[in-house]
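Contents: one structure, followed by commentary.
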Amino acid sequence: MKTFIFLCCTTIFAFTTENGFSQDADINISKSKTMSVKQVFKLINKQADYKFIYRHDLIKVIPKLPLNKGVIKVSALLNKFLIPYGFSYNLTENNTVIVHKKNTELNRPIVVQKKTIKGVVLDINNQPLLGASIFEKGTTNGTQTDFDGKFSLNVSNASAILVVSYVGFITQEVAVNTQQTKFTIVLQEDTASLDEIVIVGYGKQKKVNLTGAVGTVKGKTLENKPVVNVQELLQGKVPGLNVSNSSGQPGSGASINIRGTSTIGGSSGVLVIIDGIPGNIYSVNPNDIQNISVLKDAASAAIYGARAANGVILITTKSAKNHEGLRVSLTTSMGVQTPQQYIDYVGGKDYMTLYNLASVNDGLTERYTPADFKDLEDGKLPDNKWYREIFKKNQFINNNYLSLSGGNDKITTRLGIGYDKQSGALPRDKYKRLVVHPKLNYKINNWLSLDANVQYTKTNIERPQGAGSALTNAIRVSPITPIRTAQGRFQGPGGIPGGNPIAIIEEGGTNSQIFKEMTTILSATLTPLEGWNIKPLYSHSNSQTQTHNFSKPITLYNADETVFSKDPLSNQSIYDAFGTSVTEILQISTDYTFNLNENHSFSVFALASQEVSKGNNFSASRLDPAFENIYVLNIAVGTKDNSGFAYNESIASFVGRVNYNYKEKYLFEASLRHDGTSRFKPGYQWGTFPSFSAGWNIHKESFFENNINFISKFKVRGSWGKLGDALKVNRYETRNILGFNSGVYAFNGTLVGGAAATASFLDNLSWESSTKSNLGIEIGFFDNKLSLELDLFKDLRTDILYREPVPDEYGLSAPFTNTLKMENKGFELTLNYREKLGEELHFNANFNISHSKNKVLDLRGSGPWKSSRNITEVGASLNLPYGLQSNGLFRDQADIDNSATQVNVKPGNIKYVDQNEDGVINADDRVVLNDKNAFAYGFNLGIEYKSFSLNANFYGRHRALRYMDGVEGWAFFLADNARPMHKDSWTPTNLDASFPRLSLNSGGNDASFSDYWLRKADYLKLQNLTFGYTLPKALTDVVGVKNGSVSLIGQNLAIFSKYEGFDPEGGIYPLPRTITMSLQLNF
């Protein structure tokens, strides 16, 4: 905590306008040094017992100044630091010094004091702020908060404005009105301050004392955005946090990993902790979030041990506030969505031209005659854009959020209700979500409080059945194929499997899913002694998933309105499934924080936890419903099928952690977690995960502080620790699993079905181990206006859980083993800049970039492992692209004759390099096509001026590659269509073309996996642009609200890339570009 906190620990003062010191004390300077104005205030307080009240944001402009060894008067010292920089000061009767800017308005006397204002100043976690300064704007009239954060101030009139400031927090102005005399003021943390509070595992720490690699995202930046999934809002916000949206379908979510891929096989998914309990990130409403912490190294994540090997995301939701009366906040937004990027295909004329060219190249006659071109020109043939036609032109998204909060010294409560509704780009593609989140805190007395935290989520998803294949088929259909007949019926396209894709989307079956989840967290906090807390906690999570899918018969017609095809009812299916899971957690934790004199600070923490999960699932399906429009199982008479499963699982944990710092200069932390899981057999169930970290705040050293003025922060930190992973192993992987009806036995010459083993296993299977090390540097310049943070990391995985390949004749699936080894290295860099230009213009900018690369260290003597497109071998990265190296296109027959032998090639086909120089191109010529990983980066800009704000968020990837094959890159690939880029294909007159010769054959030489189709896929995306306006008080008073704002928000606005295929981040379902208008009102 900054020195100023101790200087301001006083009660309410009575002020006078006396400007001189009746007893001008002597201040002893023990040695020559350079000091800041805050250090001077501390020195005066210590030697002369003067207290200071000032606006923290204003005195930042005063530089550090040199002081010589000796004795100096208080007045001379203050004059030296304040007067030359436009400040003056007043001394009150009780030795309190009020510091303010020189200004005729500031120096005017207070003639009349007409109104008494009382209130409390809190931080975002509902904790009182001791010593916060409260001024009446334009005067020297002020006070400060007491131990409970309370204050009382007489102001000159009912239209006064209070200026509230506190070190480490953003200064806030509060308008007084005629009706209100009591205020609850919540100050937001200043992220540029050294005293920023960071949420860590099972607690929180001041950023200045943090020794781990932790990225943070403030909940304020997530509010009021036109998305329903938190993951999308995290893109580009935290270095090393990789978020990828592969589909724009509502509810599809995004994939997340931290610091790249560090293991072989299995998932790189992160552990998500919500309010201290493992949770589902899809169930959280972004408006409920107070802040997010991303734990990236062992020092920060090892305390979660067993499931933290891939990193941890901590989500803290908003808590109840101690308000005078009820506070209501309403946010509503309505927006329009369109596909961010369409995939363009050629029109009818170009299609027929390219098709004829491909036919001639294949030795066939041209299909389309001049008469066909004339029919197209005259409108007798259609010219459709199937891919565009399948999507709706506009889709709507609606987000609504209501919060109610209030309380008193005993009980505080908060209720958040969010309802989101989104339509997808496809017809009948719908998403709805309701989130209800009440919280309650009951303070029984000074040593005991109770907390209840409940979150209920209900999600409804409805999608057209077969949407994925229909989208693919829409790409394959030629533009001159009609969509509908003259009477508006869906026409049957010839040569395309799966029928008319638009008919499937609009009239086919439906896939629907209802997901319900309710999590209840009950806890108590006991404080037997100051600084000592004991917290028992119980949580119960119940989730249910209900699925109902059915197909519908579709009738397609010929151009003459006769039936082209009609699906029989016997081919239609009905599928129902129901699953439920329950997780209970019982834990007790204790923490004790204490100081030994003013220099040594300690914090110890211990926890014991037991987690039990169980679940079951049942599914059934039938064919041949008796009626077309009734889709329940009991009316279907065809083939029946059903299945089900159940599981039980438990995890036990013991955790300990110690923190120590000396004068906030030297920092140390150690943690130990001991986890046991039921996934392994007795004797191998327990794993121990230690971590150690240390930090040095060099800027707090006297040799640094007194000699280097432009660097305000300089910290180095390092960490080492071990974590574990057992989640790759199925719950019963180490047991002998039998499958019924999996075996066939002969009895008396008769074959009889029976039980048989389905998988092999190892008795000694145990934890995969992750040893993480991290070195970090944090530097702040010019009072932290400019800051830099650099992290270098390494993750060594040993005893990797993996199913090694076994011969087919083995008969069973391969067992998991603890044998492989791999490492992952990389760096993360963050730059921040904040500037305040005058009182009303604020600017901030953030840039971050990260890169990681893994290397396989041991495959237990096997390998290299090769597939049709990838290779994994010791000494190289995992799953590198592996194929033929291209050498341009064959220009003519002479070029073919003088090159290595390739099968069935003609001029214009891709020419490959004969790597082994045996004169033949085959699989032996494959090489690694690329061993470089991409850089992920993001930058964020923010400007505030008076009541206006503008914020922009960008993210992208550099040195990215994507394989552009199939319907994305090849003309007429199992299809009847081509793209504009194929117009630059090889012909005898276009020898330097960008694409090979066109062909109606989908396979062959050009389809071989090669670097010819490995294209540069760098991109930069404008992910969010928000323009906000705070409504004027004159307007909000008229409509009866406390304050309000309106925002115009754009999401997924633009993509900048030279890649010619699909969205380089996504796939065939385009991400939505969203324009939203939002209104927020606070009552």
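Could you identify the single residue in 1057, 1047 that is touching a residue at least 60 places away in the same chain (Cβ under 8 Å), surrounded by 18 or more Cβ atoms within 10 Å (Cβ to Cβ), on the phi < 0 side of the Ramachandran plot and not aromatic (Phe, Trp, Tyr)?
After applying the criteria, what remains is 1047.
Per the conditions (1) touching a helix residue (DSSP H, G or I) at 6+ places or on another chain (Cβ under 6 Å); (2) free of Cβ contacts under 8 Å to residues at least 24 places away in the same chain, the sole criterion not satisfied by residue 894 is (1). If you go through the stretch 1019-1033 one residue at a time, do you hit one that is buried (at least 18 other Cβ atoms within 10 Å of the Cβ) and β-branched (Val, Ile, Thr)? Checked against the condition, which is being buried (at least 18 other Cβ atoms within 10 Å of the Cβ) and β-branched (Val, Ile, Thr), the stretch 1019-1033 yields at least one hit. For the stretch 680-695, the set of residues classified as out of contact with any His (no Cβ under 9 Å at 6 or more places or on another chain) and surrounded by fewer than 24 Cβ atoms within 10 Å (Cβ to Cβ) consists of 680, 681, 682, 683, 684, 685, 690, 692, 694, listed by residue number.
Of all residues in the stretch 999-1016, at least one satisfies being exposed (fewer than 15 other Cβ atoms within 10 Å of the Cβ) and touching a Leu at 6+ places or on another chain (Cβ under 6 Å). Where strands (runs of 3 or more DSSP E) sit wholly within the stretch 896-963, those with at least 2 residues that are under 25 Å from residue 1060 (Cα atoms) and in contact with a His (Cβ under 9 Å, 6 or more places away or on another chain) occupy 935-945. Of all the listed residues (394, 408, 398, 384), the sole one being within 30 Å of residue 990 (Cβ to Cβ), of a type in the set (S, T, N, Q) and either out of contact with any strand residue (DSSP E or B) (no Cβ under 7 Å at 6 or more places or on another chain) or in contact (Cβ under 8 Å) with a residue 24 or more places away in the chain (or both) is 384. Taking (1) more than 29 Å from the chain's Cα centre (by Cα); (2) within 27 Å of residue 549 (Cβ to Cβ) in turn, residue 425 satisfies each apart from (1).
Checked across the stretch 479-496, the condition of being within 16 Å of residue 384 (Cβ to Cβ), part of a helix (DSSP H, G or I) and over 29 Å from the mean Cα position of the chain (by Cα) holds for no residue.
Of the residues making up the stretch 832-851, just one is within 23 Å of the chain's Cα centre (by Cα), aliphatic (A, V, I, L, M) and farther than 20 Å from residue 243 by Cα, namely 845.
Being more than 15 Å from residue 629 (Cα to Cα) and in contact (Cβ under 8 Å) with a residue 40 or more places away in the chain is the filter; apply it to the stretch 546-559 and report the residue that is nearest to the chain's Cα centre (by Cα). So the residue we want is 547.
Would you pick out the residues in the stretch 1003-1048 that are among the basic types (Lys, Arg) and outside any loop (DSSP other than H, G, I, E, B)? Hits for the stretch 1003-1048 are 1015, 1016, 1021, 1033.
Residues in the stretch 31-88 that are free of Cβ contacts under 8 Å to residues at least 12 places away in the same chain and either under 27 Å from residue 134 (Cβ atoms) or of a type in the set (Ser, Thr, Tyr) (or both): 46, 79, 83. Please count how many residues of the stretch 116-141 are assigned to a strand (DSSP E or B), crowded, with 16+ Cβ neighbours inside 10 Å and modelled with pLDDT of 80 or more. Count: 9. Could you please find all residues in the stretch 299-355 being hydrophobic (A, V, I, L, M, F, W, C), assigned to a strand (DSSP E or B) and buried (at least 18 other Cβ atoms within 10 Å of the Cβ)? Listed by number, the residues that qualify are 312, 313, 314, 315. Just one of (1) closer than 20 Å to residue 302 by Cβ; (2) among the hydrophobic types (A, V, I, L, M, F, W, C); (3) surrounded by 19 or more Cβ atoms within 10 Å (Cβ to Cβ) fails for residue 729. It is (1).
Collect the residues in the stretch 901-922 that are surrounded by fewer than 18 Cβ atoms within 10 Å (Cβ to Cβ) and either touching a residue at least 24 places away in the same chain (Cβ under 8 Å) or touching a Lys or Arg at 6+ places or on another chain (Cβ under 7 Å) (or both), keeping them in residue-number order.
Result: 903, 904, 913, 915.
Scoring residue 970 on the criteria (1) surrounded by 18 or more Cβ atoms within 10 Å (Cβ to Cβ); (2) aromatic (Phe, Trp, Tyr); (3) touching a residue at least 60 places away in the same chain (Cβ under 8 Å) leaves a single failure, condition (3). When the residues of the stretch 356-373 are filtered to those that are outside any helix (DSSP H, G or I) and acidic (Asp, Glu), the one that is farthest from residue 1006 (Cα to Cα) is 366.
The values are calculated or read from the model by the stated rules, or taken from the named source; none is laboratory data. Just so we're clear, the structure is a prediction, and the values are computed from it rather than from any experiment. Note that each Cβ is placed from the backbone with ideal geometry, even for glycine, and that neighbours are counted across all protein chains shown.
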